[in-house]
Each structure stands twice: as C-alpha cells, then as structure tokens.
Amino acid sequence: MTTCAVQAKIPCLFKTIVVEEPSGKRSHQPYRVVASEDVCDEAREAGIEDVHPSEKIDGTCTFVKTFMGKPWLWARHDRKPSKAADKRFKKFQMTHRTWLIEGKTGEEPQFSWNLEKDFKEVPPYWEPAKGVPMDGDMPLPDDNAHIPGWVPVDPSSRQHCWHLTPVDLNAGLALLLRPMKEKETADDLEIAAVPLSDLIGQSLELVGTNINANPYGIGSKLCPLHVLIIHGSILSQSRPPLDFQLLKSWFQSNSAGNVEGLVWHCKDGSMFKIHRHHLGLPWPIKDLYLNTRPVTVCVDPAEYEHNSVDQFSFFGKLHGRTFSGISDIHKAHVDATREGGDGPS
C-alpha cells in the first residue's frame, strides 16, 4: 500500500467545472466547483486504475516532524491574505469567472500579489508546506490565495488544545486509530499508542468531538475524545469504479460508500480525491461506514506512565476491550465518569 503525506490541497479525480450556483459547502461562495465526467489526464498518467483508494477522513490535517530536537505534532496553518488583498482577489475571481462563462472573449484577466505586503503575519516557527512553489525565498499562494503551511502545536495555546489531547509530547507518543495489526477481519480497527518518532514525515487527520462538527460521533461534550489517523491508512472496503455515474451510484447504494470521499495515493507520490460534494451528494450523512468497524483498544497501561486524567490513562483502562464502532467508546467515557473514574481531559 502506497501512502503519501498530505501537504497541500489534493486535486479532484475528475476534471472540474465551475457552476454559477451558491455553494452548499461555503455559505459566502456564490459558485460551486463540481466534477465533470472526465477523469483528469494527470490521474491517468499516474496509473490511478491500479490504485486501491483510501477513505477520505473529515477532520483537520496535522503533520509529524522534529521541533527543538524532539518528534512533534504540527498543526495546519495556511497563510492568508490581508482583508484588503482578499477583497482585491475576490473581485478578480468574479471578473475571471465572467470571462470564462462568456467564452474567454478578449484578454484573460490577470492578478498579481505583493508577497511582502498582501499576506497576514504568521505565528513563530511557521513553515510553508512541502511542495509550495517559491519565488526566491518567498512562498507563493495557491489558486485559493492560501499558502499552505505548518506550525508546531503549542502546549500553552488554547488554539491547539484539541490537537494536544491525542499526544503526549513529553513521552513522545500519539494515539492512532488504524487497521488492526493482528486483525480478525479486514474491517477491524485498533486504537494504539505509537511513538511519534515512528511517524516523522507522516501527515495525519485529527478527528474527534471538537473537530469539524464531529461527523463520526466520537466522544461527547462532557467527555471529549480525539484520535489521529494516518492519511491513506484506512482503505476503502471495496474498490469503486472510476466511471463518474457508476462511482456516484456506488456512493449512494454501497454501504462502503457511506464516507466523506475517497483518496487515491499513487505510486509516483501524486494524490487525487473525490468528495461527495463533487458528485452533488450531501455531507455529512448518517450511518457512516467507519462507525460500523469494530475497534479494539490496544493501549497497555503497563508500558506507559501518564497522568490519571489524560486520554492515555483512560484508554489504558480499556486495554483489550473491543467496541462495535468508534462512536460507542463514549459509553465507556460515561460509565467511567458515573463511577467516579477519570475520563480524558
């Protein structure tokens, strides 16, 4: 299985077109980006027909690399334009869309950035994501006017409070949701404590109670729960067709299609995705396939020393237990709290 670290926006599997209708995903956006029925040439050239896709997970992107000499979790932080520059750019976007709709009549509208003045300041230690194009030593924005990048999570920052719950930075450990190594069936997952040093160079999705409205129903308001998932690690449980109409039907009629989308990790390092919104399908939805997969907790308390109130301690008390799905683990949260035990903080 080939997996690639996610550093920037992943292009769509199909060639995309812009439709002059209000976006169902972004309330302020007066247009929608939808998929055409043609697989993009780059995907064909990358050998996408031979790739088994992984489930696209709805969370927030993170990355593991060293910081101050230690393996560390980094949070996604895109550098964005200032209010004035963003206003200019949005005006250009409207002009450019009109030019496209009117058949590209006349000269194509152009836009240029002042890289030193048009973008907001970034936090200390911010780094542009790998692969971001550069103009000398200045990173360039993408088509959405963002410069993808990373910042090391800050234990003193409220902004990173949920990023910190599935990691112990002092001990160098992370709580992963992943396919079970000694699995009974292809569906079985496990929650395991993994050294951050084993994850250097990997991108992971942070999911849980306080991330993206928690479509997977993980944890609860009283007992928040968060875990990390390596990008590309949870394969789709069936290999869907690449034909547009058949793929749309697969999402609608196959239980394995009850996912946010799919990502193809190609052998040459390129990646392609399809989101339900590209196909005109709703998200979020009920009865997610991820929630039907059994999850075994594999966090042996004998191997780790932690404070009694963190998630590692909580999962240590559940070591060896199997749940019918990740959304059921909060029931153990509630039971532990009722009994006066320690839920995760």
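Which residues, taken from the stretch 243-270, are without any contact (Cβ under 8 Å) to a residue 40 or more places away in the chain, among the hydrophobic types (A, V, I, L, M, F, W, C) and either touching a helix residue (DSSP H, G or I) at 6+ places or on another chain (Cβ under 8 Å) or surrounded by 19 or more Cβ atoms within 10 Å (Cβ to Cβ) (or both)?
Matches in the stretch 243-270: L247, W250, F251, A256.
Hey, does the stretch 80-88 have a residue that's hydroxyl-bearing (S, T, Y), open to solvent by 30 Å² or more (accessible area, probe 1.4 Å), part of a loop (DSSP other than H, G, I, E, B) and in contact (Cβ under 8 Å) with a residue 24 or more places away in the chain? Give the steps one after another, and end with the answer.
Of the stretch 80-88, the ones hydroxyl-bearing (S, T, Y) are 82.
Still in the running and open to solvent by 30 Å² or more (accessible area, probe 1.4 Å): 82.
Narrowing further to those that are part of a loop (DSSP other than H, G, I, E, B): 82.
Going one step further and asking which of them are in contact (Cβ under 8 Å) with a residue 24 or more places away in the chain, we end up with 82.
Looking through the stretch 80-88, at least one residue is hydroxyl-bearing (S, T, Y), open to solvent by 30 Å² or more (accessible area, probe 1.4 Å), part of a loop (DSSP other than H, G, I, E, B) and in contact (Cβ under 8 Å) with a residue 24 or more places away in the chain.
Do we have I191 as touching a residue at least 24 places away in the same chain (Cβ under 8 Å), in contact with a Phe, Trp or Tyr (Cβ under 7 Å, 6 or more places away or on another chain), assigned to a loop (DSSP other than H, G, I, E, B) and crowded, with 19+ Cβ neighbours inside 10 Å here? Step through it out loud before you land on a result.
On the way: touching a residue at least 24 places away in the same chain (Cβ under 8 Å): yes; in contact with a Phe, Trp or Tyr (Cβ under 7 Å, 6 or more places away or on another chain): yes; assigned to a loop (DSSP other than H, G, I, E, B): no; crowded, with 19+ Cβ neighbours inside 10 Å: yes.
No, not satisfied.
Just to verify a result, which residue in the stretch 203-232, among those that are of a type in the set (A, V, I, L, M, F, W, C), in contact with a Pro (Cβ under 8 Å, 6 or more places away or on another chain) and within 25 Å of P148 (Cα to Cα), is most open to solvent (accessible area, probe 1.4 Å)?
Taking the stretch 203-232 as the starting set, the residues that turn out to be of a type in the set (A, V, I, L, M, F, W, C) are 204, 206-207, 211, 213, 218, 222-223, 225, 227-230.
Imposing the further condition that a residue be in contact with a Pro (Cβ under 8 Å, 6 or more places away or on another chain) reduces the set to 206, 213, 223, 225, 227-228.
If we keep only those that are within 25 Å of P148 (Cα to Cα) too, we end up with 206, 213, 227-228.
Values: L206: 0, A213: 101, V227: 1, L228: 2 Å².
Once the filter is applied, the top-ranked residue is A213.
Check D198, D154 and return the single one that is part of a loop (DSSP other than H, G, I, E, B), acidic (D, E) and either at pLDDT 95 or above or open to solvent by 10 Å² or more (accessible area, probe 1.4 Å) (or both). Quick ask: steps written out before the conclusion?
Values: D198 fails: part of a loop (DSSP other than H, G, I, E, B).
Answer to the check: D154.
Among all residue pairs at least 6 apart or on different chains, which show Cβ distances below 8 Å where the first residue, located in the stretch 124-149, is in contact (Cβ under 8 Å) with a residue 24 or more places away in the chain and the second is surrounded by 12 or more Cβ atoms within 10 Å (Cβ to Cβ) and among the polar types (S, T, N, Q)?
Correct list of pairs: A129/Q7; K130/Q7; G131/Q7; V132/Q7; P148/Q7.
Kindly provide the set of residues from the stretch 130-151 that are part of a loop (DSSP other than H, G, I, E, B) and surrounded by 21 or more Cβ atoms within 10 Å (Cβ to Cβ), ordered by number.
Narrowing the stretch 130-151 to residues part of a loop (DSSP other than H, G, I, E, B): 130-133, 136-137, 140-146, 148.
P141, A145, P148 - these are the residues of the stretch 130-151 that are part of a loop (DSSP other than H, G, I, E, B) and surrounded by 21 or more Cβ atoms within 10 Å (Cβ to Cβ).
Across the stretch 271-315, what is the number of residues that are assigned to a helix (DSSP H, G or I) and either open to solvent by 10 Å² or more (accessible area, probe 1.4 Å) or among the hydroxyl-bearing types (S, T, Y) (or both)? Let's see the steps before the verdict.
Going through the stretch 271-315, the residues assigned to a helix (DSSP H, G or I) turn out to be 276-279, 289-292, 301-303, 311-315.
Next cut, either open to solvent by 10 Å² or more (accessible area, probe 1.4 Å) or among the hydroxyl-bearing types (S, T, Y) (or both) only: 276-278, 289, 291-292, 301-303, 313.
The qualifying residues number 10.
Any residue in the stretch 213-232 that is closer than 15 Å to L189 by Cβ and assigned to a loop (DSSP other than H, G, I, E, B) sitting within a Cβ distance under 7 Å of a residue that is of a type in the set (V, I, T) and open to solvent by less than 10 Å² (accessible area, probe 1.4 Å)? List the pairs, counting only those 6 or more apart or interchain.
From residues that are closer than 15 Å to L189 by Cβ and assigned to a loop (DSSP other than H, G, I, E, B), the pairs are Y216/V207; Y216/I326; I218/V207; I218/I326; L225/I218; L225/I329.
Test each condition in (1) in a loop (DSSP other than H, G, I, E, B); (2) under 21 Å from the mean Cα position of the chain (by Cα) for L176 and report the one that comes out false.
Just one mismatch for L176, condition (1).
The values are calculated or read from the model by the stated rules, or taken from the named source; none is laboratory data. Please read all numbers here as calculations on a predicted model, not as lab measurements. All Cβ positions, even for glycine, are placed from backbone atoms using ideal geometry, and neighbour counts span all protein chains on display. Only protein heavy atoms, including side chains, enter the accessible area calculation; ligands, DNA and RNA are left aside. Shrake-Rupley method; radii C 1.70, N 1.55, O 1.52, S 1.80 Å.
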